[in-house]
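The values are calculated or read from the model by the stated rules, or taken from the named source; none is laboratory data. Quick caveat: nothing in here was measured; it's all calculated off a predicted structure. Glycine also receives a Cβ, built like all others from the backbone with ideal geometry; neighbour counts cover every protein chain displayed. Side chains included, ligands, DNA and RNA excluded: accessible areas come from the protein's heavy atoms. Shrake-Rupley method; radii C 1.70, N 1.55, O 1.52, S 1.80 Å.
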Amino acid sequence: MSVAFTREEDYESQAADLPDRPISTHANLVTASGLAAIEAELAQARAAYGAAQQQGGVSADRTAMARATRDLRYWSARRASAQLTEPEPEADKVQFGRIVELEREDGRRQTFRIVGEDEAQPGQGSISYVSPIARALMGRSVGDVALVNGSEVEVLAVRQA
């Protein structure tokens, strides 16, 4: 057997040996839209797994099969642990699922929706409930001040999503 064939198989084997995606130790709180997104990701992972099996599975493309298997495990676990969480009736308190407008010490205003870890996209205005800023703001009301990374932020508004 040629050394070239051995190395190619080794590289493919290494590429196919993907580590599992890390699963948070925090409760998997999700909004209704977050649960729908998890279910969509799970459906996509099932489809990718089915496609990888149809294309010959391990013998055809070990990397595609490994990626599909890894994603299927991750999204199955996230769906199984998902806890649909609705905000409490108190609309004036910062809590999971609410939109919070705040002002920083330097005058910048920001608006975030507090959501689950898998659905957080800070660039699009949603942050995880376990992020430092969300944890500092939870339970606060309009006018309250919280300390975030050594700087004060004031809650200007809290509203439903």
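So which trypsin sites (Lys or Arg not before Pro) in region 105-143 pass both tests, a DSSP loop state and at most 12 other Cβ atoms within 10 Å of the Cβ?
R108
Which GluC sites (Glu not before Pro) in region 75-115 sit in a loop by DSSP (not H, G, I, E or B) and have at most 13 other Cβ atoms within 10 Å of their own Cβ?
Details: sites: E90, E101, E103, E105; in loops: E90, E105.
Here the sparse-neighbourhood loop sites are E90, E105.
Going toward the positive end of the dipole of the chain, with +1 on Lys and Arg Cβ and -1 on Asp and Glu Cβ, which of A27, G125, S81 do you reach last?
S81
From the list (1) 1.42; (2) 1.12; (3) 0.96, can you say which value of Cα Rg over 2.2 N^0.38 Å was derived from the structure given?
Entry (1).
Amide H of V148: which non-local residues (sequence gap of 5 or more, or other chain) have their own amide H closer than 5 Å, using H built in the peptide plane?
V153
Quick one: grab the alpha carbon gyration tensor of region 50-138, order the square roots of its eigenvalues as a ≥ b ≥ c, and give me rounded if a/c is under 1.5, else prolate or oblate depending on whether a/b is larger than b/c.
Working: a/c = 4.50, a/b = 2.49, b/c = 1.81.
Taking the square roots of the gyration eigenvalues as a ≥ b ≥ c, region 50-138 is prolate.
When only Cα pairs under 8 Å and 6 or more residues apart are kept, what is the percent relative contact order across the chain? Each step should come with its number before you reach the end.
Values: 255 pairs, mean separation 35.7, N = 161.
Contact order relative to length: 22 percent.
Please calculate the 1.4 Å probe accessible area of T69, with all protein chains present, and give it to the nearest 10 Å².
T69 has an accessible surface of roughly 40 Å² with all protein chains in place.
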